[in-house]
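Below is one structure, written out as C-alpha cells; the observations come after it.
Throughout, read-outs are computed from the coordinates displayed, never taken from laboratory work. Treat the numbers as computed from the prediction; the structure is a model and nothing was measured. Note that we place each Cβ from the backbone using ideal geometry, even for glycine, and neighbour counts take in every protein chain shown.
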C-alpha cells in the first residue's frame, strides 16, 4: 500500500493564508473563470480515469465498473450541472413586487462565502471531493480539500493532479490524519463542509462554533427498507442486495436492514439466495465484482459485529481481516436489540428483521435517529404513504435504493442525526454562498411616503396604510381569541 | 418590574410536549398552519396598545417605532407566509432529464421538528414572531425564549401566546442564563439565535453536541460612506434617523460614517440641524426618543463616550438612572477608538482621504451586517459593492430592508449565518426530502448493467450514459496556472543551462 505524504503542519497556515489572499484578489468574480475551473475538474478526472480506477483498486479493491458508476459519474454530472447553471445561479434577482418597496429596486445576489474547507470520507473519495468542490467553485470561493487518509493512493493522486489542473492559489489539497485535521480546524474558515460520521461531526461542529463558522454535515444513517408482502420479491431482493454490497457496503445511502412481515421472511430469504448466487457465480471471495473494506481496523470491526449477532446468518458470514475481506452477508431473524443495531455497520451485512405489522416497522424506524434514507418496496400508494408520512429522512424512495444520489436536481442531505445542509446542484451552490441584498432609495421617497418616519412623531394614518391587510381571523374555535374590546391604535 | 421565570424542571417537559405535539402530525395540514399564522398576526393586532405600552415601559420606545419596526414587519411576514405557503410547501419536480424521469424524482420541504428561537432585547416582537411565523409555515413546533431585560414585554407574550396559538406546539420559556443554559442542553431540530457574538459561540457549541443546525443573527458595526457630492441633507436625515431609532439599539443601525475630511464639518452641521428638527425640545424631553434597555448598558455607553479620543460635536449626556443617552455625534474618530463598538445613539464620524481609504477601512474590520452608501454616483456605488462584503448594501437609505418582503436579513462572518423573513426564513426551518419511485421494469430496459457480475458489455453501457463534459478550457482560459508554467519553464531552463555548462566543460 502506498504511503501518503502528509502536508507539513506548519505549511497548513500558509496554505490557508494563500487561499485567503487569492480569494481577496477578486479573481473568482469572473463567471467565465469559474466555468473554466469547473470544466478543468471534469478534465482532471477524465484525462486520468485509469489512474483513479487503479488507485481505487489499490485502496479499496474496487471493481472498475463501480468506480465509474459511483465515484466518477456523479462528479461528471456535477461538473455539467454547475457549468450549465452558474450564470443563472449568480444572476442578480429582483425581489417580488411589493407596493411599498418597489421604488427602492430591492435585489438579491449570491456572493461567495470566502475560503471554505472540505473534509471528505474514505468511501467515495473522488465523488465526495470533486462534487462539493465544483459547487464551491461555482459559488466563487477558494477551497482547501482534505481527502481521506485511509485511501492513500487516491488521495496522493488528488494532491498530484489538483495543482496541475486548477488554479494553484485558490485551490489546495492538505493530506494527513488527525494532527493535520486538528490544525485545519484551528483556523478560521468561511464554511466547513464535512462528510462522515456523527462522532467526528460533533468535534468539527464544536471547532466551527469557536469561529462562528457555518457548517454542512453529511452524516450516515441506518437506512431501513420496508417490504410490502405484495411486492415483487425478486426485484426487491436484487435491488436491495445490489445497494448493500456496492463498494463492499461502504456507502452512506446503502440499506442497512429490511423490515418484513414475519410470515414472508422465508420467501424473502429464498429470493435473496437466488440473487446472491447470480451476483457471485464463483462465490464472492473469487468475484471480480466485489470490493474490499478500506482497512484492517474496519474489517475487524465488522467481523466482530457478525460474530456477535444473535440472528441467523443465511448468506456469507465469513471474513479474512488480513485481506480486508468481508463476505457479503445476510442475517435473518434479527431482533431490535441486536448488536447489529448499535451503530451504522458500513459494511456488506444486511439484517432482515421480521415484524408483526407495518406499524411495528414504523415504530422501530422512529425509535432511532432519522436516517439518510427510508426505502419502501411496494406498488401500493397507501402503503408507501403510510411509511413515508410517518417517518423522517433525507430521502424517501420507493422501489429503489442508493441511486438517487446521482439524479440531477435532487439534493443530497440528511435530517436530525443524518445531518444538515446539502450537496449536489443548486442547493449545494447555496451552501457556499450568501445572499447579499441591496436597495437604492430615491431621495423623493420621503416626500411622498416615508416622510412620516422622522421625529418628531405625530400620530399618523400613513403608517397604517403601509400595513398589509391581515390574513382573515380564523373562525371561532378552540384556538381563536375573541377580539379584545379595547381596539388598539392603527385601526383605519 | 419582575418577570416570572419558567421553573427549570418545567423546561424539559415543555420540550417533550412540543415534540409529542409535532410527532402527532397535526402540523401537516397546511390549513392548520395558515390558521396559526393568522393567529400570530391577530394576537398582535388585538393587543397593539398593550405591546406599545410594554415597549415604552421596557425601552422608553416611542409608539411609532413599535408600529413601524415591530407591527409592520410582523404583519407583513404573516401576510407573505399566509399567501405563499401553498407555493412554498408544494412538491417539486427537478428539470426533466431523460435518464431519470421514469423514476419520478421529486423534492418536498418537510419540517425539521421542534425549533428554539432566542431573541435579544432590542426588537423582541419582531425577532420572535417573524421566525415563529417561518417555523409555523414549515410545519414545526416552536419554543420561544424572550429576553429577560424586557420584562413587561416578555410577560405579556407569555400571557398571550397560549391564548391565541396551539398550546402544545408553541411555548414561551422565560428566564435568564440558567434557563437558557437548560434550554441549550436539550436536542433541538434547529436553533435560531439573534444577539451578540459571545453568546452566539456558546449557542453554537451547545448545538454542536446534538448536531443541531443553526441560524445566527449577530452584530453590526455597520459603516456609512458619504459622498460629498450627494444631497447632504437627505443623507444626514436618513443616517441620523437610522442611528437614533430605538435609541440606537438596532443591529442594522449605522455605527460610523466615512466622509472626506473636507466635508466633515458640513455633515456635522447637518446632523446638528436634524437633532433640532427631530427633537425640538431636546431628546430627553421628546416623546420621539427611546431609552437604553438597562442601567448597566447606559453605564457601558457612558464609559465609551468618556473614553473617546474624538471630538464630541453635540450630545454626550448620559443619565444612568433614567437610562438616557443623548443622541451624540463625535467627529475625528480613528480606527482604534473605543467608540467603534457602541449599540447606542452615538454616531462616530471617521474622516478619510478618499473612497479608496474608506473601502480599505471597511475591509480591515469584520464583515458588517450592512454597508450604507450615500451617493448618486453610480460608479462610486459600484466600486463599493464590488470591493466589500456585507449582508446588505443600501444606497441612500438605512435600516429599511428589514421590512422589505422578499429580502432576507442575514449576516456573514462574525455577523452570523442563515436568514430570517420571507421564503429564506421558511427555508431555514425545513429540509428538502427527496423521493423517487422506480417501476420494476426499468432494470430490464435501462439499469441492468449495474448488477454483478460486472461485464465488459455492462461497462460499455455505463460509459454510454455518461454525462458529456463542457468544452476543455483553452490555455489562456484555464489557470493551468502561471505558477506551473513558470516552474516548467524554469526546469527546462535549468536543464538546458546544465547541459550548456557540461558542453562547455568538455570543450
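What the table shows:
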{"quantity": "Modelled label reach - residue A:318, point 7 Å along Cα→Cβ, region A:242-284 residues with backbone N closer than 16 Å", "calculated": "A:277, A:280-284"}
{"quantity": "Orientation-averaged projected area, Cα convex hull of region B:144-284 (nm²)", "calculated": "12.2 nm²"}
{"quantity": "Segments B:164-175, A:179-190 sorted - mean Cβ within 10 Å per residue, highest first", "calculated": "B:164-175, A:179-190"}
{"quantity": "Cα pair distances of region A:35-112 binned at 5 Å [whole percent]", "calculated": "3, 13, 17, 14, 11, 9, 8, 7, 6, 5, 4, 3, 1"}
{"quantity": "Computed Kirkwood radius, in angstrom, where 1/r is averaged over Cα pairs of region A:80-188", "calculated": "16.0 Å"}
{"quantity": "Separation of the residue B:464 and residue B:332 label points, Cα + 7 Å toward Cβ, nm", "calculated": "8.2 nm"}
{"quantity": "Label point distance in nm, residue A:47-residue B:202, each placed 7 Å from Cα along Cα→Cβ", "calculated": "5.4 nm"}
{"quantity": "Rg/Rh (Cα only; Kirkwood hydrodynamic radius) as it applies to the protein assembly as shown", "calculated": "1.00"}
{"quantity": "Estimated distance in nm for a label pair at residue B:96 and residue A:337, the labels positioned 7 Å out from Cα along Cα-to-Cβ", "calculated": "5.6 nm"}
{"quantity": "R0 of 30 Å, Cβ-Cβ distance residue B:295-residue B:16: FRET efficiency to nearest 0.05", "calculated": "0.20"}
{"quantity": "Overall dimensions of region A:224-408 by Cα: Rg and Dmax, Å", "calculated": "15.4, 48"}
{"quantity": "Extension gain, residue B:167 back to residue B:382 (0.36 nm per residue minus Cα-Cα distance, nm)", "calculated": "72.4 nm"}
{"quantity": "Sites residue A:282 and residue B:455, calculated FRET efficiency, Cβ-Cβ separation with R0 22 Å, nearest 0.05", "calculated": "0.95"}
{"quantity": "Per residue, the convex hull volume that the Cα atoms of chain B enclose (Å³)", "calculated": "254 Å³"}
{"quantity": "Neighbour-count order for A:136, A:3, B:395, fewest beta carbons within 10 angstrom listed first", "calculated": "A:3, B:395, A:136"}
{"quantity": "Neighbour-count ranking [beta-carbon atoms within 10 angstrom, fewest first] of B:42, A:444, B:188", "calculated": "A:444, B:42, B:188"}
{"quantity": "Fully extended contour minus Cα-Cα distance, from residue A:264 to residue A:21, at 0.36 nm per residue", "calculated": "81.2 nm"}
{"quantity": "Modelled FRET efficiency - R0 22 Å, residue B:23 with residue B:104, Cβ distances, 0.05 increments", "calculated": "0.20"}
{"quantity": "Inverse mean reciprocal Cα-Cα distance (Kirkwood Rh) of chain A, Å", "calculated": "25.2 Å"}
{"quantity": "Helix-only CD estimate at 222 nm, as mean residue ellipticity for chain A, using -39500 (n - 2.57) per DSSP H run (n ≥ 4)", "calculated": "-11500 deg cm²/dmol"}
{"quantity": "Sorted by Cβ density within 10 Å, fewest first, the residues A:216, B:455, B:4", "calculated": "B:4, B:455, A:216"}
{"quantity": "Rounded tilt (10° steps) of A:296-308 against the dominant C-alpha axis of chain A", "calculated": "70 degrees"}
{"quantity": "Largest-first principal axis extents, alpha carbons of region B:337-425, Å", "calculated": "42, 33, 23"}
{"quantity": "Length released on extending from residue B:181 to residue B:261, taking residue separation times 0.36 nm less the Cα-Cα span", "calculated": "24.0 nm"}
{"quantity": "Percent RCO, i.e. relative contact order, over chain B, from Cα pairs under 8 Å lying at least 6 residues apart", "calculated": "17 percent"}
